[in-house]
1. Could you give me the residue pairs with C-beta distances under 6 Å whose first residue belongs to segment 19-42 and is free of Cβ contacts under 8 Å to residues at least 60 places away in the same chain and under 10 Å from S76 (Cα atoms), whose second residue is in a loop (DSSP other than H, G, I, E, B) and of a type outside the set (A, V, I, L, M, F, W, C) wherever it lies, and which are 6+ apart or on separate chains?
2. Name every residue in segment 81-99 that is surrounded by fewer than 14 Cβ atoms within 10 Å (Cβ to Cβ) and under 29 Å from K27 (Cα atoms), in order of residue number.
3. Any chance you could count how many residues in segment 1-52 are open to solvent by 80 Å² or more (accessible area, probe 1.4 Å), part of a helix (DSSP H, G or I) and of a type outside the set (A, V, I, L, M)?
4. Criterion first (of a type outside the set (S, T, Y) and either more than 30 Å from S31 (Cβ to Cβ) or modelled with pLDDT under 85 (or both)) does E43 satisfy it?
5. Could you tell me which numbered condition A58 fails, if it satisfies all but one of (1) open to solvent by less than 50 Å² (accessible area, probe 1.4 Å); (2) at pLDDT 95 or above; (3) within 14 Å of the chain's Cα centre (by Cα)?
Amino acid sequence: MNDSLKRVHDQVIAAKDSDPATSRTAKLLRSGRPKIAKKVAEEAVEVVMDAMHGDRDAVVRESADLLYNLVVLWVSTGIEPRHVWDEMSRRERLLGLAEKLPKKMVETAVARRKVVEIDARRASRRR
C-alpha cells in the first residue's frame, strides 16, 4: 500500500505544472487548499454513505477517490506519504496498534510542545 500511495503522490507532484485544461490534478491543485479539502470531505461522505447502504463495490471505488484527493491535499500542504507512515509507526510504538490517539494523549502532547516552544523562546532571549 505504501508503494501505491507513493506512486500516486509522485504522479500528483508531476502533474502540478501540467495544463489545468487537460489535467484534473493540476486544475484541483490550482483551485487551492480549501477546495481540495472540500473534495476530501465530499469523498469521505460518499464512502460513509455507500458503507451504510452496504454497497461494497461503491465503497471500494469511493475509497480510491478519497485516497487520491487526500494525496492531492498532502501535496498542497507539503506532506509526503512517509510523514503519515512515520506517524502511524509512532502510534504503534505508543499504543501497540496504529490507531487514533486518545484525546488526552493528543492534548498532553500539544501542551508539552507549547511548553517546549516557550522554554526555547525564553532561552533564545537570554542569549
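1. From segment 19-42, the pairs are L29/K16; R30/P20.
2. Correct list: R82, H83.
3. 11
4. No: the conditions fail for E43.
5. Unmet condition: (3).
The values are calculated or read from the model by the stated rules, or taken from the named source; none is laboratory data. Treat the numbers as computed from the prediction; the structure is a model and nothing was measured. Here the Cβ is made from the backbone with ideal geometry for all residues, glycine too, and neighbour counts use every protein chain on show. Remember, those area values only see protein heavy atoms, side chains included, never the ligands or the DNA or RNA. Shrake-Rupley method; radii C 1.70, N 1.55, O 1.52, S 1.80 Å.
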